[in-house]
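**Q** Below is the structure I would like to discuss, written out as structure tokens.
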Amino acid sequence: MESVTDITRLVRDIAQEMAAAEDRGAVATYIPPLAMIDPSRFGLCIVTADGAIHAAGDAEQAFSIQSVSKVFALTQALGKVGDTLWRRVGREPSGTPFNSIVQLEREQGIPRNPFINAGALVVADINLAGHEPRVAIGELLRFVRYLADDDMITIDEAVARAEQATGFRNVALANYMKAFGNIQHAPELTLGVYFHQCAIAMTCRQLAMAGRYLMHGGLYQPGGARVVSAQRARRINALMLTCGHYDASGDFAFRVGLPGKSGVGGGILAIAPGKASIAVWSPGLNANGNSKLGTLALERVAEATGWSVF
Ligand code: DON
């Protein structure tokens, strides 16, 4: 299956199936504004390699991308410091929840990978690069708008404020890594960058568009500008596959077989290299903090299309 009509129908069928699903998981409550989101929402958008956009359900409704932002922040940080980034962050799956602190003591303040919160805080610290937090945040927002080809993408200030007021675990992680010398700025500044990047709001359509460079081997679009080298795109996809769903990354690879990055807002960006950039949103989460129906929908997409990196 890969004709345009087949994919259009697939996206519509999946959205219909998911709209009717009863067991939708539980919305995140530890970030108060996310607790208010209607769990019956479901959006899906597939941008295929030919540039066609297939969207269904609530694909035009903006949601908090949360940890999906870690993919764009990592891309930005690698652009700034290149592979020296890996002196401060590992590249191994953690096998622990996204907000865990346990490995940091044993591993001298070096987080296992850039997608757990600790690793994303180091990435935010790299992106801060001695500037005011709003400079780093503005830069990331401009980058995401460029990738998605959409200037309407914004930061949900209420979400950023709520995380600033309640994100005590992240405050602990940043301070703990500061004690090991792996956070270079004042922790509150690094945290400010991190909380604002997590509060970027995007629709499935915008997110799938923003992921195109990872499907096109680092190019903005076929024959277009180079966003990152082909090697870097491959490596970011590899990290998404091995670490993008935290302690459920193995299960996601088993069920879906594509690089994917989830967020507690219920969004997932998945990449079928050379084939498609896929964004799905369903706010109810499974026990690992990843979208329950979003994962199921991606499983359906992979089954129907045969897209897989395996
Ligand atoms: O720092 C946090 O806890 C949130 N801003 C982001 C966590 C997240 O999205 C985990 N992903 N599933």
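The values are calculated or read from the model by the stated rules, or taken from the named source; none is laboratory data. The structure presented is a predicted model; accordingly, all values stated were derived computationally and were not measured. Every residue, glycine among them, receives a Cβ derived from its backbone with ideal geometry; neighbour counts consider all protein chains shown.
**Q** Go through the stretch 72-91 residue by residue and tally those that are within 17 Å of the chain's Cα centre (by Cα) and not in a helix (DSSP H, G or I).
**A** Here the count works out to 1.
For every residue, the table says whether it meets (1) under 30 Å from R226 (Cα atoms); (2) β-branched (V, I, T); (3) surrounded by fewer than 21 Cβ atoms within 10 Å (Cβ to Cβ); (4) within 16 Å of the ligand (Cβ to nearest atom).
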position	(1), (2), (3), (4)
H54	yes, no, no, no
G57	no, no, no, no
E60	yes, no, yes, no
S100	no, no, yes, yes
Q103	no, no, yes, no
N113	yes, no, no, yes
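**Q** Let me ask something additional. Taking the stretch 119-151 as the search range and keeping residues that are in contact with a strand residue (DSSP E or B) (Cβ under 9 Å, 6 or more places away or on another chain) and part of a helix (DSSP H, G or I), which one is surrounded by the most Cβ atoms within 10 Å (Cβ to Cβ)?
**A** Of everything passing the filter in the stretch 119-151, V144 is surrounded by the most Cβ atoms within 10 Å (Cβ to Cβ).
**Q** Is it true that R91 is over 22 Å from C204 (Cα atoms) and either in contact with a Leu (Cβ under 8 Å, 6 or more places away or on another chain) or crowded, with 24+ Cβ neighbours inside 10 Å (or both)?
**A** Against the criterion (over 22 Å from C204 (Cα atoms) and either in contact with a Leu (Cβ under 8 Å, 6 or more places away or on another chain) or crowded, with 24+ Cβ neighbours inside 10 Å (or both)), R91 qualifies.
**Q** Against the conditions (1) more than 16 Å from the ligand (Cβ to nearest atom); (2) assigned to a helix (DSSP H, G or I); (3) surrounded by 20 or more Cβ atoms within 10 Å (Cβ to Cβ), where does Q197 fall short? Just the number, please.
**A** Q197 satisfies all of (1) more than 16 Å from the ligand (Cβ to nearest atom); (2) assigned to a helix (DSSP H, G or I); (3) surrounded by 20 or more Cβ atoms within 10 Å (Cβ to Cβ) except (1).
**Q** Answer with yes or no whether I153 is away from the ligand (no atom under 16 Å from the Cβ) and either within 19 Å of V264 (Cα to Cα) or modelled with pLDDT under 95 (or both).
**A** yes
**Q** Mind telling me which of the residues Q164, Q184 ends up being assigned by TED's automatic domain parsing to the domain that holds R134 and part of a helix (DSSP H, G or I)?
**A** Q164
**Q** Shifting gears a bit: For R226, indicate whether it is away from the ligand (no atom under 11 Å from the Cβ) and basic (K, R).
**A** Spelling it out, R226 is indeed away from the ligand (no atom under 11 Å from the Cβ) and basic (K, R).
**Q** To continue, here is another question. What number of residues in the stretch 168-214 are within 22 Å of the chain's Cα centre (by Cα) and free of Cβ contacts under 8 Å to residues at least 40 places away in the same chain?
**A** Residues that pass the stated criteria total 3.
**Q** Please go through the stretch 1-41 and give me each residue that is in a helix (DSSP H, G or I), of a type in the set (A, V, I, L, M) and more than 21 Å from V301 (Cβ to Cβ), ordered by number.
**A** Selection gives L34, A35.
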